[in-house]
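K.L.:
First the structure, which I've put down as structure tokens, then a few questions once you've had a look.
The values are calculated or read from the model by the stated rules, or taken from the named source; none is laboratory data. Keep in mind it's a predicted model, so treat the numbers as computed, not measured. Here the Cβ positions follow ideal geometry from the backbone for every residue, glycine too, while neighbour counts run over all protein chains shown. The accessibility values were calculated without ligands, DNA or RNA, using every heavy atom of the protein model including side chains. Shrake-Rupley method; radii C 1.70, N 1.55, O 1.52, S 1.80 Å.
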Amino acid sequence: MANHMPDSEKPTSYLCGYIEAAVQQLNLPESSRDLLTNAYRELRVQIPVRRDSGEMDIFYGYRVQHNGALGPYKGGIRFHPEVVLNEVRDLASAMTWKNALMCLPFGGAKGGVICNPYTLSNREKEALMRGFTSKISLIIGPYRDIPAPDMNTNAQMMAWLMDEYGKKHGYSPAVVTGKPVELGGSLGRKEATGRGAFYLLEDYYKKASRSLNGATVALQGFGNVGYHVAALLENAGAKVVALANHLGGVYCEAGLDIQALKAYEKDNAYQLAGFADSSALTNEALLALNVDCLIPAALGHVIHEKNADAVQARVILECANLPVTPQGEKILEDKGVVILPDVLANAGGVTVSYFEWTQNLQQFQWEAAKVNQELKTKILAAFEKVIHCKETHGLNYRQACYRLAVERVHKASQLRGYTNNLSEQ
């Protein structure tokens, strides 16, 4: 009899539903279901930090390693006041499937530290990142687990991580990706997630015999991902008519000037309202605009059963992680809305992280043009396989993505001996 994980400890996200559906389609054994759904290792750490005031503050963080059948664990580290273990579990699992779908030699992992980064000084952020690195250093490494930036972390913080890890293990640039270029980071990494999403959308429009030139776009999120995908769309002739960040957004029927809006945001403490020739817009109103393409590029779960019916976009490009719930997706599908799912749409970042890792191991740096071309090749190759799977098995894009990813991880698990051999099924 199999020893199953207690129900109280199982992940509860609807991400598990996507995996379960793929497992059923592939008719995999029960042992594979537990292996593919649940995390291999979960580490919770305590991080004391001396604040600038002289007081000692205690922070808590997590590193979850979901599945390593395809290679070293890979996934970012986020700093956020609402980090919880179940969220980190979900995000680690999502990385497993993203890496598998892109045929990268990585498993999935994620890390998070419970903190409000906006209340931390630069010195306090450094102390917190170094403390977290020290506490998880035994389970990370160039061939073990390779972190990267995520929400509220950046290249400078990855430099601190590399340096702290190096104090115990020697010079190891391949322990982390998303570093400054001067310390072994890859050219093109900063804009990679937005660029990969743009390549996917561009190819989708091409296959649909449509053009991005003149297409109207509403985009939620103006951070690293949102900014770069917006800039690339603008350069392609698309009209980004609405854009919002966490404080609200703006609308302009003629299309927003992305560079000017970014400069305005920087000069006005992240406020977008008041930008020239635009009107103020809430995040909820942005989701309901009549546009060709809607791009959620900030938080998850923003489109759900209560607001999906108001969505008028014909295409949704998921740049955020898990922005559409299953209930919301069902409503959208019934309306004929095409969803290009996050597991493929935002895979550009980890793909160029893979390129950075390989460059570090080889002690050699690629030119930016090579990075971008290799990224485009990877994204379009994955999309072709997804389309073939979708059409062959009568699935939607998300279902096809998870079927391909689960099948690859399961096969790797079989070959390693973690599950039944092929001859036993």
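K.L.:
Residues of region 163-181 being closer than 28 Å to Val225 by Cα and open to solvent by 20 Å² or more (accessible area, probe 1.4 Å), which ones?
P.N.:
Once the filter is applied, which keeps residues that are closer than 28 Å to Val225 by Cα and open to solvent by 20 Å² or more (accessible area, probe 1.4 Å), region 163-181 yields Asp163, Glu164, Pro180, Val181.
K.L.:
Could you please let me know if Gly111 is in contact with a His (Cβ under 9 Å, 6 or more places away or on another chain), in contact (Cβ under 8 Å) with a residue 24 or more places away in the chain and crowded, with 24+ Cβ neighbours inside 10 Å?
P.N.:
No, not satisfied.
K.L.:
Those residues that are closer than 12 Å to Val217 by Cα, surrounded by 22 or more Cβ atoms within 10 Å (Cβ to Cβ) and out of contact with any helix residue (DSSP H, G or I) (no Cβ under 6 Å at 6 or more places or on another chain), I need them from region 236-274; list them, please.
P.N.:
Ala238, Val241, Leu243, Leu256
K.L.:
Output the qualifying pairs, or none if there are none: Cβ atoms under 8 angstrom, residues six or more apart or on different chains, first residue in region 337-351 and more than 13 Å from Lys376 (Cα to Cα), second residue open to solvent by 10 Å² or more (accessible area, probe 1.4 Å) and of a type in the set (S, T, N, Q).
P.N.:
Short answer, once both residue conditions are applied: Ile339/Asn396; Asp342/Asn321.
K.L.:
Residues in region 144-152: is at least one closer than 29 Å to Pro48 by Cβ and in a helix (DSSP H, G or I)?
P.N.:
No.
K.L.:
Here's something else I'd like to know. Could you count how many residues in region 50-76 are surrounded by fewer than 22 Cβ atoms within 10 Å (Cβ to Cβ) and part of a strand (DSSP E or B)?
P.N.:
Final tally of qualifying residues: 6.
K.L.:
Out of Phe79, Phe106, report the one residue that is open to solvent by less than 30 Å² (accessible area, probe 1.4 Å) and closer than 26 Å to Glu384 by Cα.
P.N.:
Phe106
K.L.:
Can you run down the residue pairs with Cβ atoms below 6 Å, 6 or more apart or on separate chains, where the first is in region 52-64 and under 14 Å from Pro147 (Cα atoms) and the partner is open to solvent by 90 Å² or more (accessible area, probe 1.4 Å) and charged (D, E, K, R)?
P.N.:
Tyr62/Arg44
K.L.:
Let me ask something else about it. Go through (1) open to solvent by 10 Å² or more (accessible area, probe 1.4 Å); (2) assigned to a loop (DSSP other than H, G, I, E, B); (3) not β-branched (Val, Ile, Thr) one by one and return the number of the condition Ala313 breaks.
P.N.:
Status for Ala313: all satisfied but (1).
K.L.:
Restricting to region 133-146, and then to whatever is touching a Ser or Thr at 6+ places or on another chain (Cβ under 8 Å) and of a type outside the set (Val, Ile, Thr), can you tell me which residue is most open to solvent (accessible area, probe 1.4 Å)?
P.N.:
Result: Pro142.
K.L.:
What residue, of Leu299, Leu294, Leu243, Leu286, is part of a helix (DSSP H, G or I) and within 21 Å of Leu340 (Cβ to Cβ)?
P.N.:
Of Leu299, Leu294, Leu243, Leu286, the one residue that is part of a helix (DSSP H, G or I) and within 21 Å of Leu340 (Cβ to Cβ) is Leu286.
K.L.:
Given Tyr40, Tyr118, which one is open to solvent by 10 Å² or more (accessible area, probe 1.4 Å), closer than 20 Å to Val350 by Cβ and out of contact with any helix residue (DSSP H, G or I) (no Cβ under 7 Å at 6 or more places or on another chain)?
P.N.:
Only one candidate passes the filter, namely Tyr40.
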